[in-house]
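Every read-out reported here was derived from the displayed coordinates using simple, explicitly stated rules and does not represent laboratory data. Computed from a predicted model, the values in this text were never measured in an experiment. Every residue, glycine as well, gets a Cβ built from its backbone with ideal geometry; the counts of neighbours run over all protein chains shown.
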Amino acid sequence: MTRIMFYFFRPKKLSPRPFITARQSSSSSSSKRWQSRQLKDQFTREATVQGLKSRAAFKLLQIDEKYRIFRSGQTVVDLGYAPGSWSQVALNRTQPGGRVLGVDIIPAQPPKGVSTIQGNFLSPEIQTYVREFLRDPDRGRPRNSNLVRESHQAELDQQDQIQKMDAYFDDYGVPKDTYNLSTMDSEIERTVDVVLSDMSAPWLQTTGFWKRSLSDPYHRMMNTTGVSFKDHTGSMDLCQAALEFSFQTLKTGGHFICKFYQGIEDKPFELQLKQSFAKVYRLKPKSSRSESKEAYFIGLNRKKESL
Ligand SMILES: C[S@@+](CC[C@H](N)C(=O)[O-])C[C@H]1O[C@@H](n2cnc3c(N)ncnc32)[C@H](O)[C@@H]1O
């Protein structure tokens, strides 16, 4: 079942107030080890101090610092958003006027100002649902920021429109041979400036196991197993789904960031990215755990004619 939650409040600035997460005690020793590692970790402590939902925020902050991904007014899709620290960063960096849509298979409390859809992103129905949401460029945008966004975006939109018209029509308003109306339709779908995918290991579910509607999806999602080949292939499937979705929704000039676990399939994926983005980088952020094979692909500036 798909559940949508809309939050139209003005996003709060990341607060310096401590944010203490109450975790339920668990009898399993691996869970205790996980808890004590979290407590010792400097990035986890810093996330708590800054009111961020998890240490993962620092990975995105480092990426943004290096590649300047975000600017005001953008539409950002955050795939695998839970518990929500990337969405917090994205929303914060795209104000005024930005909107963030998070998708995750597990139920989670969306950060303020972020719209979310709960569902398995590998399912075509969920992707259709997400695309439908995005088709309207104002849906999920904080209402009181529409005016600011409009003044910010009006000029850019107008230039964009003129370029598109030049591309499609000749001086007499007749569609040029090289462009047909179906190409134009697919461009209408492209309302997204940034696609983020941090999909992989789930945030530990601490409540709601008694509800089948909550716990069933939890067991179906992709979990990291510690078996590096399995983690690698599972993550490449998720990256592929995120990239295909980007082909349909990302504007020309838009950016793509996705987490993957390194292995033999990452090179062909990188080549695929290079066909569609002007610049492609791979990065292992400082806050990634050193023992993990986790890394990120960053595709900057989607090319005009990619696919
Ligand atoms: C590492 S966490 C993301 C952390 C997040 N970026 C943050 O900053 O809080 C990975 C998320 O991917 C989600 N996920 C994994 N497979 C998924 C799928 N097929 N569809 C949707 N979400 C998925 C998991 O439920 C988990 O919440």
### Query
Of the cross-linked pairs 66/259; 230/304; 53/303, which ones have a Cα-Cα span greater than 28 Å in the structure shown?
230/304; 53/303
## Note on the structure
If 100, 194 are placed from fewest to most neighbouring beta carbons inside 10 Å, the sequence is 194, 100
### Query
What list do you get for 239, 258 if you sort them by fewest beta carbons within 10 Å?
239, 258
### Query
Can you list the HN-Hα couplings for the range 113-126, worked out from phi with the Karplus curve (6.51, -1.76, 1.60; θ = phi - 60°), rounded to whole Hz and with x for Gly and Pro?
x, 9, 8, 9, 10, 9, x, 7, 5, 6, 8, x, 4, 5
### Query
By how many nm would the segment from residue 66 to residue 283 grow when fully extended, if each residue of separation counts as 0.36 nm and the alpha-carbon distance is taken off?
77.1 nm
#### Entry: Potential extension, residue 41-residue 291 segment - 0.36 nm per residue separation minus Cα distance
88.6 nm
## Note on the structure
Expected sort for 257, 264, 126 with the fewest Cβ neighbours (10 Å cutoff) up front is 264, 126, 257
